[in-house]
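K.L.:
First, the structure itself, so that you have it in front of you.
The values are calculated or read from the model by the stated rules, or taken from the named source; none is laboratory data. If you're wondering where the values come from, they're calculated on a predicted model, not measured in any experiment. When we count neighbours, we look across all protein chains shown, and the Cβ atoms used for this are built from the backbone with ideal geometry, even at glycine. SASA here: full protein model, heavy atoms, side chains in, ligands and nucleic acids out. Shrake-Rupley method; radii C 1.70, N 1.55, O 1.52, S 1.80 Å.
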Amino acid sequence: MNQTVASTPLINATKIVKRFGDHVVLKGIDFSVRSGEVSCIVGASGSGKSTLLRCLNALEKLTSGEVWIDDEMIGWRATKNGYVELSPGALARQRAKVGMVFQEFNLFPHMTALMNIMKAPMAVKNEPRAVVEERARRLLDRVGLSDHANHYPAQLSGGQQQRIAIARALAMEPKVLLFDEPTSALDPELVNEVLTVMQDLAQEGMTMVVVTHEIGFAREVADSLTFMDKGQVVESGNPREMIADPQHRRTKDFLSMVL
Amino acid sequence: MSISLATPKPESLRRYPYRSKASIIFGVLITICAIGMLQSVMRNPNFGWDVVALYLTAPVILKGILVTLQLTVVCMVIGIGIGIVLAAMGQSNAMPVRAVAAAFVWFFRGTPLLIQLIFWFNLSALFPDLSVSVPFGPELFSIDPNALITPFFAAVLGLSLNEGAYMAEVIRGGLLGVGKGQTEAAQALGMKPLKLMMVVVLPQALRIIIPPTGNQTLGMLKNTSLVSVLAVSELLHSAQIIYSRNYETIPLLVVACIWYLVMTTLLSGIQFLVERKFKKSDRSSSRRGLIPESESVDTGLLPQPTDGPSLQTRTAS
């Protein structure tokens, strides 16, 4: 459990609606995360939890609503006539402050583990190579893969790839890390090595939003838990209390299936 | 239940792979046919092998080869450049930009190369005087198209523009072959579109683009023979110049074919080497999962997250 949670929200999403054609995936969601908080989002597949996460760094374009991170509106600029979409350059600048870890890792297959971590700080922030390499090696050590620096992604197990992916996101020194089902593509015996790294991060005070099916992780590590169903937030609050005593029938049904 | 001691161990027995009778019969037949054809060609006086030998390394022919190679290299380089620009335009957010790229590909792929070449050559008939001027303003400079469009220039123009349309499709296919997850990962790290393209997408697309580009180069080498109609003195036209004087048409066409074969064979060899090099460095093609030796390095010295305090996630209930 994290002890250094601030009182003001770092992420504040209000009235989020996302529509794909006629299909409404998110039906007006309010969601906020305070600095230093670990926030888990759970729900059945198709409930919209991944879409909500992807709206936070504008990988999905909002149909309506606003996402604010660190007092900056993400993806759009409000004018008196409406919202104007940001340029790709401005969007990239915003995304540089928000790290993301994907279900399928998405490491760059043509780069070594070390270069995967070093590339973005060098290419995006123009930081000097020596500084970045020093940080990258420290991050490799932190995820327990120092001796895999020169391995290519295809030479690593799923769990190792995901740990590299976390190090890659951390190398940009983001204000918040988004995890999109980080252990769902892993063989069962590789899940814990990734969760352990995530737990360490949480203890160091990293702000994290985690879409997951790992209820155990949510209970042990998260500061808040949000349960989503059919594009809506059904229930949210303290993870231990919610898991022990869900207030809503749909939450109860879901938890009884995954526990 | 007992096994006879006389039975040899299974691993010591020789194994004979399956050979189909049809393949043996077919092989013999093909060999006989090939020898027969070769003999009839070699003995046929109409092929004029002595003339072939005489002109195989004639200076005019060698100069023609040089022009052919020049055209191939220059037009491929320009064609690839045009292809990259068109492929990038095709991915643009702006509809007019995409439309221009699509129209270009549509036109240059949809009309015969030979006609395009003749068109460029006769540009002066279409536009008897080319000038650049400010709209509704004074003329800046004007040029005589007959001086500008030399046969060689028309050839380069025609071959390059046509190649650009085909390369645009090749490159587009390569870019589409790189997964969406790669783009999203790069976007999430804050890369701008150009960086993302140069650092993440293009290096991976290259592996998909290279084999068809090799094919395009071979095609270009042969297509340069079309510009003989513009009287550009490449290999075929050089041969034509000679046989228009001595009427040894067939032997000189044989000379040209031999040289085309030599060049395409060399190009195929280069293509093979380049593709092998890229395959070697393509780590992504190997299976996802553990390679044994990388796992063995893992044990020991460093604290592994797997060894750390594990969460009770799996036992939670």
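K.L.:
Take the residues in region B:162-177 that are buried (at least 19 other Cβ atoms within 10 Å of the Cβ) and either touching a Leu at 6+ places or on another chain (Cβ under 7 Å) or within 14 Å of another protein chain (Cβ to nearest Cβ) (or both), then tell me which one is nearest to A:Ala171 (Cα to Cα).
P.N.:
B:Gly174
K.L.:
Only one of these is under 23 Å from A:Glu72 (Cβ atoms) and under 14 Å from the mean Cα position of the chain (by Cα): A:Val210, A:Val194. Name it.
P.N.:
A:Val210
K.L.:
Among (1) within 14 Å of chain A (Cβ to nearest Cβ); (2) more than 19 Å from the chain's Cα centre (by Cα); (3) closer than 24 Å to B:Ile80 by Cβ, where does B:Ile210 come up short?
P.N.:
All conditions pass for B:Ile210, except number (2).
K.L.:
Then there is this: Would it be correct to say that A:Leu107 is surrounded by 21 or more Cβ atoms within 10 Å (Cβ to Cβ) and not β-branched (Val, Ile, Thr)?
P.N.:
In short, yes.
K.L.:
Anything in region B:178-207 that is surrounded by fewer than 21 Cβ atoms within 10 Å (Cβ to Cβ), among the hydrophobic types (A, V, I, L, M, F, W, C) and modelled with pLDDT of 95 or more? List them, or say none.
P.N.:
Hits for region B:178-207: nothing passes.
K.L.:
Now for a different question. Check A:Asp71 against each of (1) exposed (fewer than 15 other Cβ atoms within 10 Å of the Cβ); (2) facing another protein chain (nearest Cβ under 7 Å) and name the one condition it does not meet.
P.N.:
Unmet condition: (2).
K.L.:
Being out of contact with any strand residue (DSSP E or B) (no Cβ under 8 Å at 6 or more places or on another chain) and closer than 27 Å to B:Ala205 by Cβ, is that true of even one residue in region A:65-81?
P.N.:
No; the residues of region A:65-81 include none that is out of contact with any strand residue (DSSP E or B) (no Cβ under 8 Å at 6 or more places or on another chain) and closer than 27 Å to B:Ala205 by Cβ.
K.L.:
With the structure loaded, tell me whether A:Met198 is closer than 27 Å to B:Gly190 by Cβ, more than 14 Å from chain B (Cβ to nearest Cβ) and open to solvent by less than 50 Å² (accessible area, probe 1.4 Å) or whether it fails that test.
P.N.:
no
K.L.:
OK, next. If you take the residues in region A:118-168 that are crowded, with 18+ Cβ neighbours inside 10 Å, among the small types (Gly, Ala, Ser) and under 19 Å from A:Asn192 (Cα atoms), which one is farthest from the other protein chains (Cβ to nearest Cβ)?
P.N.:
A:Ala167
K.L.:
Within region B:51-73, how many residues turn out to be more than 14 Å from the chain's Cα centre (by Cα), hydrophobic (A, V, I, L, M, F, W, C) and closer than 30 Å to B:Ala205 by Cβ?
P.N.:
The qualifying residues number 2.
K.L.:
I've got another one for you. When region A:19-61 is examined, which residues are found to be of a type in the set (Val, Ile, Thr) and open to solvent by less than 10 Å² (accessible area, probe 1.4 Å)?
P.N.:
Matches in region A:19-61: A:Ile29, A:Val33, A:Val38, A:Ile41, A:Val42.
K.L.:
Here is a check on your reading of the model: is A:His213 outside any helix (DSSP H, G or I), more than 25 Å from A:Lys27 (Cα to Cα), in contact with a helix residue (DSSP H, G or I) (Cβ under 7 Å, 6 or more places away or on another chain) and open to solvent by 10 Å² or more (accessible area, probe 1.4 Å)?
P.N.:
The answer is no for A:His213.
Here's the yes/no breakdown for (1) open to solvent by 20 Å² or more (accessible area, probe 1.4 Å); (2) farther than 22 Å from B:Ile118 by Cα; (3) in a helix (DSSP H, G or I); (4) of a type in the set (Val, Ile, Thr):
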| position | (1), (2), (3), (4) |
| --- | --- |
| B:Gly214 | no, yes, yes, no |
| B:Tyr243 | yes, yes, yes, no |
| B:Val255 | no, yes, yes, yes |
| B:Leu267 | yes, yes, yes, no |
| B:Val274 | yes, yes, yes, yes |
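K.L.:
Counting only residues that are within 11 Å of chain B (Cβ to nearest Cβ) and without any contact (Cβ under 8 Å) to a residue 60 or more places away in the chain, which one in region A:221-259 is surrounded by the most Cβ atoms within 10 Å (Cβ to Cβ)?
P.N.:
Only one residue tops the list, namely A:Ile243.
K.L.:
What number goes with the only condition from (1) within 22 Å of A:Thr183 (Cα to Cα); (2) in contact with a Cys (Cβ under 9 Å, 6 or more places away or on another chain); (3) of a type in the set (Gly, Ala, Ser) that A:Ser146 does not pass?
P.N.:
(2) is the only condition that A:Ser146 fails.
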